[in-house]
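The structure under discussion appears below in the form of structure tokens.
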Amino acid sequence: MKYIVVLSDGMADEPLEELGKRTPLEAAKTENMDELAKVSEIGLAQSVPVGMSPGSDTANLSVIGYNPRIYYSGRSPLEALSIGVDMEKTDVSFRCNIVTLSEEDCAYEDRTIIDHSSSEISTEDAAVLVEALKEGLKREGYEFYVGTSYRHLLIQKNGRIVELTPPHDILTKRIGDYLPGDPILREMMEKSYEILENHPVNVQRRAQGLNPANSAWFWGAGTRPMLDSFEKKTGKRGAMISAVDLLKGIAVGADMHNISVEGANGGLHTNYNGKARAAVDALLKDGYDFVYIHVEAPDEMGHQGSCERKIQAIEFIDEKIVGYIRKEMKAAGEDYRMMILPDHPTPIVKRTHTGDPIPYLLFDSTKEVIGNDEYSEKSAKKSGIFCEEGYTLIDHLLND
């Protein structure tokens, strides 16, 4: 038996008037998911523990089977694992987004966050800007590291945890009320705008009609994480397929194998086919028992507030990942169990994460159950099945 998780980040949503009071998942053409729904278990799960921040960090830890109340030590330390930073016990790490701030003539604190991802900036462009920050913000005890796209890392030696606000939570809002209380972090953010505003990379981006990546934004502070081995915990040899440092970091911490896919970039036009092929090869050729396929696109489109592109992302996942896996596993005659779900909702109208329960679909090729006509938030609610502790859902996948 092989085991698969297709994690569609932020896919769950709320009914929208523009879609006739349907969600993007309900409006999307999802032939493969809906066919599976007819013979699969559909239910709801509380992936983010009540009272904890509804981030992709807590939610994905939960889906992979790690109770966030026990294992969560901050988002950025998990990303540090992916980047290859060996944190000391006294280090504190911070996510460093390269964001787009409004550019009117005003004080730094009066600006607003236009785009938390700077038009999904490429890693190549962002790396040049991070190098400029390394030089311009050089300070003893602080070190910048290049990550992926807009997601980067700041390490503070002998640091302390401070409360910081994720930029995607305050899109279009005046930033003054959300700047760090820590004077050094605040000073570095303000100076970053001076360094990046007229950087040649941003001059070129404006000319191309792209958002300038004109400020650093620190958030997600945390200390070195300690995860148990996934294989020792479950008895399954696992692999991770993701373009996002957070998920790669979780895999490193859990001693799972990270599979890199060329063209996988965390955006709407990521290499869906490549991820699906890599997953099937890992299971059928390389001897892995479990693969976790993480797709960032629905979440990014939710943050952008784009209903049309979120639907498109869901349709790509259905056709190019779920459809391919179904076809190839059937052709190979391999028994498998597959769970399809988001980590958390990212509603279009809110443009940020919520901690509401998420819909899951659990398919077993060796047995059929009476399911639903479609896979959606509505059908999950109707099922009456509810997993209160989301981190136990993986046991349901692997052990039943």
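The values are calculated or read from the model by the stated rules, or taken from the named source; none is laboratory data. Everything quoted here is computed from the prediction, not taken from an experiment. No Cβ is skipped: glycine too gets one built from the backbone with ideal geometry, and neighbour counts run over all protein chains shown.
Can you tell me how many residues within the stretch 203-230 are more than 26 Å from the chain's Cα centre (by Cα) and of a type in the set (S, T, N, Q)?
Of the residues in the stretch 203-230, 2 are more than 26 Å from the chain's Cα centre (by Cα) and of a type in the set (S, T, N, Q).
Going by what's in this entry, would Y193 be described as of a type outside the set (G, A, S), out of contact with any helix residue (DSSP H, G or I) (no Cβ under 7 Å at 6 or more places or on another chain) and surrounded by fewer than 18 Cβ atoms within 10 Å (Cβ to Cβ)?
no
Is the stretch 53-68 home to any residue that is farther than 21 Å from V6 by Cα and assigned to a loop (DSSP other than H, G, I, E, B)?
Within the stretch 53-68, one or more residues are farther than 21 Å from V6 by Cα and assigned to a loop (DSSP other than H, G, I, E, B).
For a quick check of your reading of the model, give me the residue pairs whose first member lies in the stretch 377-390 and is in the same structural domain as I314 (by TED's automatic domain parsing) and more than 15 Å from P15 (Cα to Cα), whose second is in a helix (DSSP H, G or I) and of a type outside the set (D, E), with beta-carbon atoms closer than 7 Å and at least 6 apart or on different chains.
Here the result reads C387/L393; G390/S62; G390/V63, each pair linking the stretch 377-390 to a residue that is in a helix (DSSP H, G or I) and of a type outside the set (D, E).
When the residues of the stretch 359-400 are narrowed to those that are charged (D, E, K, R) and closer than 20 Å to V322 by Cα, which ends up nearest to the chain's Cα centre (by Cα)?
Here the answer is E377.
Quick check on the stretch 36-49. Is at least one of its residues within 17 Å of E315 (Cα to Cα), assigned by TED's automatic domain parsing to the domain that holds Q304 and touching a Lys or Arg at 6+ places or on another chain (Cβ under 9 Å)?
yes
Taking only the stretch 7-29 into account, find how many residues are crowded, with 24+ Cβ neighbours inside 10 Å and assigned to a strand (DSSP E or B).
2
Within the stretch 237-276, count every residue that is crowded, with 18+ Cβ neighbours inside 10 Å, of a type in the set (K, R) and touching an Asp or Glu at 6+ places or on another chain (Cβ under 9 Å).
Qualifying residue count for the region: 1.
Could you say whether any residue in the stretch 331-341 is in the same structural domain as R277 (by TED's automatic domain parsing), surrounded by 23 or more Cβ atoms within 10 Å (Cβ to Cβ), in contact with a Ser or Thr (Cβ under 6 Å, 6 or more places away or on another chain) and farther than 15 Å from I42 by Cα?
No, the stretch 331-341 contains no residue that is in the same structural domain as R277 (by TED's automatic domain parsing), surrounded by 23 or more Cβ atoms within 10 Å (Cβ to Cβ), in contact with a Ser or Thr (Cβ under 6 Å, 6 or more places away or on another chain) and farther than 15 Å from I42 by Cα.
Please go through the stretch 239-263 and pick out each residue that is at negative phi and among the acidic types (D, E).
Selection gives D245, E262.
Which one of the conditions (1) within 22 Å of the chain's Cα centre (by Cα); (2) surrounded by 16 or more Cβ atoms within 10 Å (Cβ to Cβ) does M188 fail to meet, given that it meets all the rest?
(1)
State the number of residues belonging to the stretch 196-236 that are aliphatic (A, V, I, L, M), in a helix (DSSP H, G or I) and crowded, with 17+ Cβ neighbours inside 10 Å.
Total meeting the criteria: 2.
Please enumerate the residues belonging to the stretch 105-121 that are in a loop (DSSP other than H, G, I, E, B) and crowded, with 17+ Cβ neighbours inside 10 Å.
R111, H116, S117, S118, S119, E120, I121
Sort out which residues of the stretch 144-169 are of a type outside the set (A, V, I, L, M, F, W, C) and outside any loop (DSSP other than H, G, I, E, B), and write them in order of number.
Result: Y145, G147, T148, R151, H152, Q156, P167, H168, D169.
Quick check on the stretch 28-49. Is at least one of its residues under 30 Å from P180 (Cα atoms), among the aliphatic types (A, V, I, L, M) and modelled with pLDDT of 95 or more?
yes
Would you check if there is a residue in the stretch 122-138 being assigned to a loop (DSSP other than H, G, I, E, B), over 23 Å from H303 (Cα atoms) and not aliphatic (A, V, I, L, M)?
Among the residues of the stretch 122-138, at least one is assigned to a loop (DSSP other than H, G, I, E, B), over 23 Å from H303 (Cα atoms) and not aliphatic (A, V, I, L, M), which makes the answer yes.
Mind telling me which of the residues S118, S93, S73 ends up being modelled with pLDDT under 95 and either in the same structural domain as T172 (by TED's automatic domain parsing) or over 18 Å from E296 (Cβ atoms) (or both)?
Exactly one residue qualifies, and that residue is S73.
Residues checked against (1) in contact with a Cys (Cβ under 8 Å, 6 or more places away or on another chain); (2) surrounded by 23 or more Cβ atoms within 10 Å (Cβ to Cβ); (3) within 21 Å of E26 (Cβ to Cβ); (4) of a type in the set (V, I, T):
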{"site": "P359", "(1), (2), (3), (4)": "no, yes, yes, no"}
{"site": "D373", "(1), (2), (3), (4)": "no, no, yes, no"}
{"site": "S376", "(1), (2), (3), (4)": "no, yes, yes, no"}
{"site": "S383", "(1), (2), (3), (4)": "no, no, yes, no"}
{"site": "E388", "(1), (2), (3), (4)": "no, no, no, no"}
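Cβ contacts < 9 Å: first residue at positive phi and modelled with pLDDT of 95 or more, restricted to the stretch 264-284; second residue buried (at least 23 other Cβ atoms within 10 Å of the Cβ) and assigned to a loop (DSSP other than H, G, I, E, B), any location; separation 6+ or different chain. Result?
none
Looking at the stretch 174-186, I want the residues that are assigned to a helix (DSSP H, G or I) and have a partner that is among the β-branched types (V, I, T) with Cβ atoms under 7 Å, at least 6 apart or on another chain. Which pairs are those?
I175/T112; I175/I113; Y178/T165; Y178/I170
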